[in-house]
1. In the range 70-80, what residues are of a type in the set (S, T, N, Q) and surrounded by fewer than 16 Cβ atoms within 10 Å (Cβ to Cβ)?
2. Collect the residues in the range 46-86 that are free of Cβ contacts under 8 Å to residues at least 60 places away in the same chain and either under 14 Å from ASP123 (Cβ atoms) or hydroxyl-bearing (Ser, Thr, Tyr) (or both), keeping them in residue-number order.
3. I'd like the full set of residues that are β-branched (Val, Ile, Thr) and loosely packed, with under 15 Cβ neighbours inside 10 Å, limited to the range 9-28.
4. Residues that are at pLDDT 85 or above and not basic (Lys, Arg): list the strands (runs of 3 or more DSSP E) wholly contained in the range 74-154 that include at least 1 such residues.
5. Can you say whether GLY33 is farther than 16 Å from GLY84 by Cβ and part of a strand (DSSP E or B), as far as the supplied structure shows?
6. What are the residues in the range 52-71 that are of a type in the set (Gly, Ala, Ser) and closer than 20 Å to VAL26 by Cβ, if any?
7. Just checking, how many residues over the range 36-47 are surrounded by 15 or more Cβ atoms within 10 Å (Cβ to Cβ) and more than 14 Å from LEU135 (Cα to Cα)?
Amino acid sequence: MAAPLPTLTVGNYTFAVTDCAVCGGVGLEAVGGTGVRLVNTEAGQPLVAAGGDLTVMIEITANIGTLTSITSIVTGDAGASFGGNVFVPAVDPPYVVAVPGQLDESNPTLGFDPTTMVAIEFDINAVGGEVMRLLITTSAVPAPAPLLLLLVGLAGLAAARGQRPRTRLA
């Protein structure tokens with residue numbers, strides 16, 4: 001029986017590996033509050049051995065707010081490379097629409113209209129040398145409700161300060 005595919009919540013985002021051709025030992029590690037590393041869970045082993053290739057689909061969900069861009073960087077030997085196609089949900093799921101452009105070494109960041117979920121199909125290529133890890137980070141637009149709550153609170157404090165009785169110096 002195959003091992004379950006990894007899922008990890010980091011900050012306001014959930015990262016889930018949803019499809020992987022040969023994913024034994026693939027895991028996710030948190031990076032800051034907005035990203036993950038796709039790594040081999042066997043200590044010291046590369047994500048993709050020299051001469052190999054890995055295709056993996058990762059879904060990223062914004063639990064609060066929306067996503068507006070993805071940045072991906074592969075680390076490893078000089079010949080390591082990757083490509084990634086980004087998809088967003090369409091009006092009638094499970095249909096998805098490809099975002100124009102592609103993630104790769106020459107274009108590591110891809111922006112798109114705000115959405116709550118994206119799926120990225122990565123092709124990680126280690127023909128020129130091994131790939132140690134793939135870093136994926138997100139950018140988002142904050143949710144309007146918490147921002148509105150903050151503004152209402154600040155307005156309330158300003159109003160309360162204006163209604164304090166003033167004392168006169170004699």
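The values are calculated or read from the model by the stated rules, or taken from the named source; none is laboratory data. Quick caveat: nothing in here was measured; it's all calculated off a predicted structure. For neighbour counting, all protein chains shown are included, and Cβ atoms are generated from backbone atoms with ideal geometry for every residue, glycine included.
1. Listed by number, the list holds a single entry, THR75.
2. THR61, ALA80, SER81, PHE82, GLY83, GLY84, ASN85, VAL86 - these are the residues of the range 46-86 that are free of Cβ contacts under 8 Å to residues at least 60 places away in the same chain and either under 14 Å from ASP123 (Cβ atoms) or hydroxyl-bearing (Ser, Thr, Tyr) (or both).
3. THR9, THR18, VAL22
4. Qualifying strands (runs of 3 or more DSSP E): 79-89, 109-115, 117-128, 131-141.
5. no
6. GLY52, the sole residue that qualifies.
7. Selection size over the range 36-47: 0.
The rows are residues; the columns are (1) assigned to a loop (DSSP other than H, G, I, E, B); (2) within 21 Å of GLY84 (Cα to Cα).
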{"residue": "VAL22", "(1), (2)": "yes, yes"}
{"residue": "GLU42", "(1), (2)": "yes, no"}
{"residue": "VAL56", "(1), (2)": "no, yes"}
{"residue": "GLU59", "(1), (2)": "no, yes"}
